[in-house]
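Everything on this sheet refers to the single structure shown next.
The values are calculated or read from the model by the stated rules, or taken from the named source; none is laboratory data. On a predicted model such as this, the values are computed, not experimentally measured, just so you know. Note that each Cβ is placed from the backbone with ideal geometry, even for glycine, and that neighbours are counted across all protein chains shown.
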Amino acid sequence: MSDRTAAVTRETAETDIEVILDVDGDGDATVETGVGFFDHMLDSFAKHGLFDLTVRCDGDLDVDDHHTVEDVAIALGTAFEEALGDKRGIVRFADRKVPLDEAVAEVVVDVSGRPLFEFDGDFSQAGVGGMTSHMAGHFFRSLSMNAGLTLHLGVTGENAHHEIEALFKGVGRALDDATRIDDRRGDVASTKGQL
């Protein structure tokens, strides 16, 4: 197996970000974004996806959490795109249904190179621990656009913490499944010959 790692930096007038990703990791994460709940979500994403992940972000949190969450997603998506390379041998498709107490997240992903994002659900509270709830959906939209994912998400529940965390866990699990190498496949999983 090739070395499926990437290091991405992104610096704008709003954020300064470093992301280091190992797709074939152990689930170890070091995350410092300045938004406690968002750090917890990225840690959970890495843990359940078995990705080794380092994220450092210095963002304009005096404005709000938007640029921090969005730009981390852009950098992380770019890291996935770089780490997966030509996507030779990956499983490509995956789906997961993940509960967290009363909340249930549904995830369907295609590592297709054709970004598309669909979301069905609402969050029960406007924010959790310094993170605006609707930014969870925006995070996954930005991730899918920059990683080249077709990503369909849905969530139900009564507690926004549980709803958002179930999504992060579910996407981590589904991406782990979809990016695994299928030893029977020597090429890419597409009749086109490329993804």
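Of the residues making up region 114-153, just one is surrounded by fewer than 19 Cβ atoms within 10 Å (Cβ to Cβ), among the polar types (S, T, N, Q) and within 27 Å of THR179 (Cβ to Cβ), namely THR150. Regarding LEU61, is this residue outside any loop (DSSP other than H, G, I, E, B), hydrophobic (A, V, I, L, M, F, W, C) and modelled with pLDDT of 95 or more? The answer is no for LEU61.
Listed here are the strands (runs of 3 or more DSSP E) enclosed by region 91-131 that have at least 2 residues being among the aromatic types (Phe, Trp, Tyr): 116-120.
For region 1-51, which fully contained strands (runs of 3 or more DSSP E) count at least 1 residues that are among the hydroxyl-bearing types (Ser, Thr, Tyr), touching a helix residue (DSSP H, G or I) at 6+ places or on another chain (Cβ under 6 Å) and crowded, with 18+ Cβ neighbours inside 10 Å? Those strands (runs of 3 or more DSSP E) span 15-22.
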